[in-house]
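Read through the structure below, which is laid out as structure tokens, and then see the notes.
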Amino acid sequence: MTSTHHPHPLRLPAFRLLFLGRTISTLGDAVVPAALAIAVTRATGSSSALALVLGCAMVPRLLLLPLGGVVGDRVDPRLVALVTDLVRAVAQIAVGVELLGDRPSLAAVAAAEAVGGIASAFAMPTASPLVAAAVDGPQRLRANALLASAVNGARLGGPALAGLLVLTAGPGWAFLLDGASFLVSAALLTRLKVRRAPAERRSSLRADLVRGWSEVRSRDWYWTSLIGHAVWNGAAAVLLTLGPLIASRRMGGEGVWIAMTQAAAFGVLAGSLLAGRFRPRRPLLVSSLGLALYALPLVALAVTAPAPVTVASYALAMTGLGFLNPVWQTVVQQEFPPQVLARVTSYDWLLSLAAAPLGYTLAPLAADAWGSTGPLLVTAALVALACGGAAVVPGVRRIGCRTDADGLTESPAGGPADGRHSSGKGPAATGPQVTGAPPAAEEAAVGAARRDPTIRT
């Protein structure tokens, strides 16, 4: 069996631009949470005011995500990403200018964050289609792992940079930095060149939404995994709500919680680095089981385990998350036709984000009624069941077993995957193409939509 040499993703001009833009904008975003919390509490002295501002960003994002997915599939995703970067730059700069004033207006800050939330609803679904268009199939896992590692590394440095800016210059400058990072990202996107397939027949908005949802429903591995992801995000909200108080009162003080958050950040980074090197035969199965590790810190907090055990369990659990993210993105790019990537990604984000507010709301209520131990143990059981239960789903076990797994696994003979679903895209490409069709039995297993002749990207 002969192997084909594939260049490192960073040697591809299109991916290099995406990589730089994502890293820079993430570093800008990483300074915002701490700066926003300090700015709002300084101005109002109210946690309710902070919740209002956060809700103004979250609610429109949730409501508009499905529409953002449709737009990302109908319109050039590069153009959507470019416009939304510019909108978010203006919104964050407006917040920064407002906070630099003597009497910042809460209403103005909330309105600007709402605009940013609306823009992010359209921006988030474009990430996966852009990577799929910029990087050939066999290198997508490495590309996604590189992006995840850079993003997680930026998030590690973000809080420290935020603290420096807030303490020396004021929180307004953190938002100005974030706005500038979006401008840089937009400038890089203006130079991005990726090919698009011919457009499919235009249909109504409702038909596009239904088509995206039918793609989700037709794949058992996808919708069952989304249930697990939603439960995981709800569980994370429970841990983030109850964990700080337990760590402070029962496990040795606030320093334990700080150690947990730092260990989690390093765990996510380690997991994303591991994803670029470790290639299991059943990547989706392994990553789903890794996600189930989040039950460990929940149990550790519930039983008040020793602080080192709790910190280590949290780091291990977040390593599972760091491993899953690039693997999941690569599998989705491999298994879905490119013209529906934005829509299926939007449904993924919608379910994941919607579960978090539920966890934030129910966790304190349950803890007040029954104490923290019961809710944490129940949540741990739900995470283990929803994520670990993926092992019984045929599609989850099947993904990655094919020899055309686009670089996720090696072929049964031990050679590289042949990448039959890969697309020769990028600045030097002659156009998007699929070099070979899957066997009929495999094609039926992944859904009839792959046979649709009207597909576009």
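Worth pointing out:
- Single match in A91, A132, A121 (criterion: buried (at least 22 other Cβ atoms within 10 Å of the Cβ), at pLDDT below 90 and in a helix (DSSP H, G or I)): A132
- Selection status of V53, open to solvent by less than 10 Å² (accessible area, probe 1.4 Å), within 19 Å of A356 (Cα to Cα) and either at pLDDT below 90 or in contact with a His (Cβ under 9 Å, 6 or more places away or on another chain) (or both): yes
- Whether a residue is surrounded by fewer than 19 Cβ atoms within 10 Å (Cβ to Cβ) and over 16 Å from L382 (Cβ atoms) was assessed, and P244 passes this test.
- Total residues in the range 192-206 satisfying the condition of being modelled with pLDDT of 80 or more and surrounded by 17 or more Cβ atoms within 10 Å (Cβ to Cβ): the figure is 1.
- Scanning the range 385-410 for residues that are farther than 15 Å from S287 by Cβ and at pLDDT 50 or above returns L385, V392, P394.
- Filter result for Q339 (touching a His at 6+ places or on another chain (Cβ under 8 Å) and more than 21 Å from R155 (Cβ to Cβ)): no
- Criterion: modelled with pLDDT of 90 or more, over 28 Å from G290 (Cβ atoms) and either assigned to a helix (DSSP H, G or I) or hydroxyl-bearing (S, T, Y) (or both) - qualifying residue of L209, L239, L189, L226: L189
- Condition met for I227 (open to solvent by 80 Å² or more (accessible area, probe 1.4 Å), of a type in the set (A, V, I, L, M, F, W, C), out of contact with any strand residue (DSSP E or B) (no Cβ under 9 Å at 6 or more places or on another chain) and in contact (Cβ under 8 Å) with a residue 40 or more places away in the chain): yes
- Residue match in the range 342-349 (condition: over 14 Å from the mean Cα position of the chain (by Cα) and among the acidic types (D, E)): no
The rows are residues; the columns are (1) open to solvent by less than 10 Å² (accessible area, probe 1.4 Å); (2) within 18 Å of D348 (Cβ to Cβ).
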position	(1), (2)
W223	no, yes
R279	no, no
L291	yes, yes
L298	yes, no
A307	no, no
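- Those helices (runs of 4 or more DSSP H) of the range 290-408 in which 3 or more residues are over 24 Å from A265 (Cα atoms) occupy 307-335, 341-370, 373-388, 394-398.
- Number of the condition not met by L161 [criteria: (1) under 21 Å from I38 (Cβ atoms); (2) open to solvent by 20 Å² or more (accessible area, probe 1.4 Å); (3) at pLDDT 90 or above]: (3)
- If you go through the range 212-221 and keep only what is touching a residue at least 12 places away in the same chain (Cβ under 8 Å) and either in a helix (DSSP H, G or I) or under 16 Å from L350 (Cβ atoms) (or both), you end up with G212, W213, S214, E215, V216, D220, W221.
- Any hit, the range 353-364, residues being over 20 Å from the mean Cα position of the chain (by Cα), closer than 16 Å to I246 by Cα, open to solvent by less than 50 Å² (accessible area, probe 1.4 Å) and in contact (Cβ under 8 Å) with a residue 40 or more places away in the chain: yes
- Among residues of the range 276-289, those that are outside any helix (DSSP H, G or I) and in contact with a Pro (Cβ under 8 Å, 6 or more places away or on another chain), counted: 1
- The C-beta contact set for the range 46-67 (first residue within 15 Å of A112 (Cβ to Cβ), second residue at pLDDT 90 or above and among the charged types (D, E, K, R), distance under 9 angstrom, 6+ apart or interchain) comprises V53/E113; L54/E113; C56/E113; A57/E113.
- Listed by first and then second residue, the pairs with beta-carbon distance under 7 Å, at least 6 apart or on different chains, first residue in the range 299-311 and free of Cβ contacts under 8 Å to residues at least 24 places away in the same chain and closer than 24 Å to A366 by Cα, second surrounded by 24 or more Cβ atoms within 10 Å (Cβ to Cβ) and of a type in the set (S, T, Y), are A300/T310.
The values are calculated or read from the model by the stated rules, or taken from the named source; none is laboratory data. Everything quoted here is computed from the prediction, not taken from an experiment. Please note: Cβ atoms are built from the backbone with ideal geometry, for glycine as well, and neighbour counts cover all protein chains shown. We work out accessible area using only protein heavy atoms, side chains counted, and drop any ligands, DNA or RNA first. Shrake-Rupley method; radii C 1.70, N 1.55, O 1.52, S 1.80 Å.
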